[in-house]
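Here the structure is laid out as structure tokens; the discussion comes afterwards.
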Amino acid sequence: MDLALLSALNRHRAAREAVALVTDLASAAARLVTPEGLAGDPAAEALAEAFRTGKSMKSMAGDRETFIDVHVPPVRLIVIGAVHISQALAEMARLVELDCTLIDPREAFATPERFPNVRLIAEWPDVALPPLKPDRYTAFVALTHDPKIDDPALTVALRAGCFYIGALGSRKTHAKRLERLAAAGFSERDLARIHAPIGLDIGAVSPAEIAVSILAEIIGTQRQRRRS
């Protein structure tokens, strides 16, 4: 592979940006394509499918056979709040290969004993989140029920374009949350992206059941996004 092309590919991957290396199998000519650059590409239909599924494939572009080597960033999960639901959610996320990071400034709760094998950051969200660079391949969950912690975190998640944003709380609690976020400058369209009450409506009661409903909603949103 051309070194300049390889360098560009690695830059996209390091920045957690979806990118595909399209190689003409007859001439070995190669090019990089991003989801934003599909329009007008001769392999646009196949590229859209590759980005949707995250799977590399052969395709025909006119009379040319190409190979599409697609690179889609792995989905990661950021959880705000070291609560009982988070304990179950972190373990379930590991089972479905979601990289989970948990943030809570309350050091008495965010401990390795309560959250083994989980990356813990005992900082306020406005300090902890910027270095993590949440993006559209990030699922974001706010569970503290404390506006001082959840609201700044939700602000970052909304601005980052996370593909899933969920927040714990009743409809009444969420209505007040929306008022605060609207006062901070977010539009109705922005706020409609927040899943609240969080999780699928399966009648969940226990922390583990609520965690199941949250993870199911994350997976459903992820798959629907890829189908769109």
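Axis of helix 147-160 versus longest Cα principal axis of the chain: the two differ by about 10°, to the nearest ten degrees. Annotation: per residue accessible area for the chain equals 53 Å², rounded to a whole number [probe 1.4 Å, protein chains only]. Entry note, the range 3-71: relative contact order of 33 percent, from Cα contacts under 8 Å with a spacing of 6+ residues. Remark on residue 65: its backbone amide H falls under 5 Å from those of 25, 26, a criterion applied only to residues 5 or more positions apart or on other chains, H modelled at 1.01 Å from N.
Evaluated over the chain, the count of Lys pairs having alpha-carbon atoms less than 25 Å apart is 4 (only pairs 8 or more residues apart or interchain). Here the range 22-167 exposes an accessible surface that is 54 percent carbon and sulfur, computed with a 1.4 Å probe and the other protein chains kept in place. Ligands, DNA and RNA aside, residue 133 has an accessible area near 150 Å² when probed at 1.4 Å.
Per-residue 3J(HN,Hα) values for the range 129-136, derived from phi via the Karplus relation 6.51 cos²θ - 1.76 cosθ + 1.60 with θ = phi - 60°, read 6, x, x, 6, 6, x, 8, 6 Hz in sequence order (x marks Gly and Pro). How much of the DSSP bridge set in the chain is antiparallel, in percent, rounded to the nearest 5? Taking every DSSP beta bridge within the chain, about 45 percent pair in antiparallel fashion.
Counting heavy atoms of the protein chains alone, residue 65 has an accessible area of about 80 Å² for a 1.4 Å probe. Counting 0.36 nm for each residue step from residue 36 to residue 182 and taking away their Cα separation leaves a gain of 49.6 nm.
Working note: Karplus 6.51/-1.76/1.60 with θ = phi - 60° gives the range 13-23 the couplings 5, 5, 8, 6, 10, 5, 7, 10, 9, 9, 10 Hz, where Gly and Pro are set to x. Simple spin-label estimate for residue 96 and residue 127 gives 3.2 nm between the two label positions (7 Å along the Cα-to-Cβ direction from each Cα). With respect to the chain, whose longest principal axis is taken over its alpha-carbon atoms, helix 207-227 is tilted by about 30°. Using only the Cα atoms of the range 3-71, build the gyration tensor, take square roots of its eigenvalues as a ≥ b ≥ c, and label the shape rounded, prolate or oblate: rounded if a/c is under 1.5, else prolate if a/b is larger than b/c, else oblate. It is oblate, given that a/c is not under 1.5 and a/b is not larger than b/c. The local environment of residue 7, defined by Cβ-Cβ distances under 15 Å, has a net charge of +1 under the rule Lys, Arg +1 and Asp, Glu -1.
Working note: Karplus 6.51/-1.76/1.60 with θ = phi - 60° gives the range 168-183 the couplings 6, x, 6, 4, 5, 4, 5, 4, 5, 4, 4, 4, 5, 5, 5, 5 Hz, where Gly and Pro are set to x. Simple spin-label estimate for residue 148 and residue 60 gives 6.5 nm between the two label positions (7 Å along the Cα-to-Cβ direction from each Cα).
The values are calculated or read from the model by the stated rules, or taken from the named source; none is laboratory data. In this text the structure is predicted, and so the values were computed from the model without any measurement. As a convention, Cβ positions derive from the backbone with ideal geometry for all residues, glycine included, and neighbour counts pool all protein chains shown. In case anyone asks, the SASA skips ligands and DNA or RNA and just uses the protein heavy atoms, side chains included. Shrake-Rupley method; radii C 1.70, N 1.55, O 1.52, S 1.80 Å.
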